[in-house]
Structures are given as structure tokens and as C-alpha cells.
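Only one structure is covered here, and it is reproduced in the block below.
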Amino acid sequence: MGKMGDLHQAAFHSLLRSELCHLLTDTEQQETVRMVFINYDADRNQKISFDEYVNLIAYILRKLCVKHGN
């Protein structure tokens, strides 16, 4: 049983579309979302935990800093 707050792939896709679409491209593409999900589901339990989600956000922020020269 997953911890409260863990996201299955459909919920993760919804979150990306609604909250991160301004930072990520292709959030409407199911294959893109699936690959992001696979890459950040570190324990391979088919859910994104809070810690795994934080890792994704940290990655995005690092890329934005590099892009903007910080």
C-alpha cells in the first residue's frame, strides 16, 4: 500500500499538465509523461512519492538556473 500523497501515473500526468506546463514541454504527450514518470519513480513502485517529486522539481530548477546563467 502506498503512502498518502503518492501519485499514480494518471494523477502525475494531471499534475504536470495543470501545474508544470509552463516549465515543461510536451506535458500533453502521454509518452513524454510516461518517460518522466519512469525516470523519477526511483523505487519502481509505479507511484511518484513526495521525495521523487521533489527530485523532479530540483532537476527543473537546476536546468532553469543553467538556462538563465545562474
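Under the condition of being among the small types (Gly, Ala, Ser) and on the phi > 0 side of the Ramachandran plot, the residues counted in segment 16-70 number 1. Within segment 1-47, the residues that satisfy the criterion of being outside any loop (DSSP other than H, G, I, E, B), among the aliphatic types (A, V, I, L, M) and over 18 Å from ILE60 (Cα atoms) are LEU7, ALA10, ALA11. ASN39 meets the conditions (1) modelled with pLDDT of 90 or more; (2) surrounded by 15 or more Cβ atoms within 10 Å (Cβ to Cβ) in every case but one. The failed one is (2).
LEU56 - would you say it is surrounded by 11 or more Cβ atoms within 10 Å (Cβ to Cβ) and either in a loop (DSSP other than H, G, I, E, B) or in contact with a Phe, Trp or Tyr (Cβ under 7 Å, 6 or more places away or on another chain) (or both)? Criteria met by LEU56.
The values are calculated or read from the model by the stated rules, or taken from the named source; none is laboratory data. Please read all numbers here as calculations on a predicted model, not as lab measurements. As a convention, Cβ positions derive from the backbone with ideal geometry for all residues, glycine included, and neighbour counts pool all protein chains shown.
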